[in-house]
Amino acid sequence: MTGKPYTFDILLDEGTLSNYDNHLVRKLSDLKGYFNDREAYQSMLGVEEAVLYDVYELHRPELAGELLHGISIIHPGKVGSEYFMTKGHFHTVIETSEVYHCLKGEGVMIMETPEGEWAVEPLSSGKVLYVPPRWAHRSVNTGADEDLVMFFAYPGNAGHDYGSIERQGFRQLVTEIDGKLELVKNPRWLRPEER
Ligand code: PA5
Ligand code: NI
């Protein structure tokens with residue numbers, strides 16, 4: 001980490017950065033309870049420990065004036081009919097936002113507010129997505145065989161709040177039915193007043 005300006009390269013073909021401080025690997029076993037089809041999850045876990053996504057980050061101080069940045073790479077695949085996805089989270093400082101630039105692949109960002117408003121935005125190479133303050137966000141790779149690669153940046157003081165998403169997920173599941181992307185109501189999701 002430095003206080004001086006710097007540049008780095010995104011090595012798209014290798015799926016990494018020319019310079020990074022932290023490499024996070026999220027495997028199937030790290031997302032226990034996240035996928036709706038519990039049976040498919042268990043049987044898949046018995047066969048292979050798939051890597052669902054990688055995150056490469058440059059270390060910055062967790063201060064409001066900083067921007068934390070890096071790339072996330074969500075690999076292609078499904079658990080049952082649900083596409084591989086990130087855990088998803090609110091920011092601990094809920095009034096903070098995030099910006100994503102999709103560099104490769106096909107996917108969607110599924111988002112929702114604590115009040116139950118929700119949105120889904122398609123992602124493909126070149127697209128920029130702005131996630132406003134208060135919106136939880138989860139990246140989903142809906143491609144058949146390609147990684148979904150995105151550059152992200154968010155305020156240094158944002159923090160990650162996984163709690164409510166880990167308990168009940170997002171309002172919509174992103175699934176493939178008969179070869180097509182379909183949003184399906186998440187049976188575990190409760191309205192704010194039912195929680
Ligand atoms: O801050 C972000 O939103 C991203 O850097 C994510 O942390 C990354 O995509 C991994 O997702 P998650 O933290 O929900 O596992
Ligand atoms: Ni975030």
Somewhere in region 46-53, is a residue hydrophobic (A, V, I, L, M, F, W, C), out of contact with any His (no Cβ under 9 Å at 6 or more places or on another chain), farther than 24 Å from S164 by Cα and surrounded by fewer than 17 Cβ atoms within 10 Å (Cβ to Cβ)?
yes
Just the residues that are of a type in the set (A, V, I, L, M) and part of a loop (DSSP other than H, G, I, E, B), please, taken from region 33-90.
A50, L63, A64
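Here is a check on your reading of the model: is V140 touching a Cys at 6+ places or on another chain (Cβ under 9 Å) and of a type in the set (V, I, T)? Show your work before the answer.
Values: touching a Cys at 6+ places or on another chain (Cβ under 9 Å): no; of a type in the set (V, I, T): yes.
Against the criterion (touching a Cys at 6+ places or on another chain (Cβ under 9 Å) and of a type in the set (V, I, T)), V140 does not qualify.
Mind telling me which of the residues L148, L129 ends up being without any contact (Cβ under 8 Å) to a residue 40 or more places away in the chain and within 13 Å of ligand 1 (Cβ to nearest atom)?
Working: L148 fails: without any contact (Cβ under 8 Å) to a residue 40 or more places away in the chain.
Answer to the selection: L129.
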Looking at the structure I just gave you, is G105 surrounded by 17 or more Cβ atoms within 10 Å (Cβ to Cβ), touching a Gly at 6+ places or on another chain (Cβ under 7 Å) and either of a type in the set (G, A, S) or in contact (Cβ under 8 Å) with a residue 12 or more places away in the chain (or both)?
yes
Of the residues in region 139-171, those that are away from ligand 2 (no atom under 16 Å from the Cβ), surrounded by fewer than 20 Cβ atoms within 10 Å (Cβ to Cβ) and of a type in the set (S, T, N, Q) number 1
Of everything in region 1-45, what is polar (S, T, N, Q), in contact with a strand residue (DSSP E or B) (Cβ under 7 Å, 6 or more places away or on another chain) and within 19 Å of I165 (Cα to Cα)? Give them in sequence order.
N36
Identify, by number, the condition in (1) over 14 Å from the mean Cα position of the chain (by Cα); (2) more than 26 Å from P114 (Cα to Cα); (3) within 14 Å of ligand 1 (Cβ to nearest atom) that A40 doesn't meet.
(3)
From the set of residues in region 108-118 that are away from ligand 2 (no atom under 15 Å from the Cβ) and in a strand (DSSP E or B), which is surrounded by the fewest Cβ atoms within 10 Å (Cβ to Cβ)?
W118
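Being of a type in the set (D, E, K, R), within 14 Å of ligand 2 (Cβ to nearest atom), in contact with a Phe, Trp or Tyr (Cβ under 9 Å, 6 or more places away or on another chain) and farther than 26 Å from K185 by Cα narrows it down to one residue among E62, E57, E95; which is it? Before the answer, list the steps.
Details: E62 fails: in contact with a Phe, Trp or Tyr (Cβ under 9 Å, 6 or more places away or on another chain); E95 fails: in contact with a Phe, Trp or Tyr (Cβ under 9 Å, 6 or more places away or on another chain).
Result: E57 is the single residue among E62, E57, E95 that is of a type in the set (D, E, K, R), within 14 Å of ligand 2 (Cβ to nearest atom), in contact with a Phe, Trp or Tyr (Cβ under 9 Å, 6 or more places away or on another chain) and farther than 26 Å from K185 by Cα.
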Could you list all residues from region 14-28 that are more than 12 Å from V55 (Cα to Cα), in a loop (DSSP other than H, G, I, E, B) and touching a residue at least 24 places away in the same chain (Cβ under 8 Å)?
N19
Which pairs turn up if I take residues in region 53-76 that are in contact (Cβ under 8 Å) with a residue 12 or more places away in the chain and within 20 Å of S124 (Cα to Cα) and look for partners that are within 15 Å of ligand 2 (Cβ to nearest atom) and basic (K, R) with beta carbon separation below 6 Å, at least 6 apart in sequence or on another chain?
Y53/R26
Among (1) within 16 Å of ligand 2 (Cβ to nearest atom); (2) at positive phi - the single one Y130 does not satisfy
(2)
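Please verify whether region 60-79 includes one or more residues that are of a type in the set (S, T, Y) and out of contact with any His (no Cβ under 8 Å at 6 or more places or on another chain). Give the steps one after another, and end with the answer.
Here is the first cut: in region 60-79, the residues of a type in the set (S, T, Y) are 72.
When the remaining residues are screened for being out of contact with any His (no Cβ under 8 Å at 6 or more places or on another chain), the result is 72.
Yes, some residue in region 60-79 is of a type in the set (S, T, Y) and out of contact with any His (no Cβ under 8 Å at 6 or more places or on another chain).
Where a number appears in this text, it was derived from the coordinates with a stated rule and is not lab data. Please read these numbers as outputs of a predicted model, since none were measured by experiment. We place every Cβ from the backbone using ideal geometry, glycine too, and count neighbours over all the protein chains shown.
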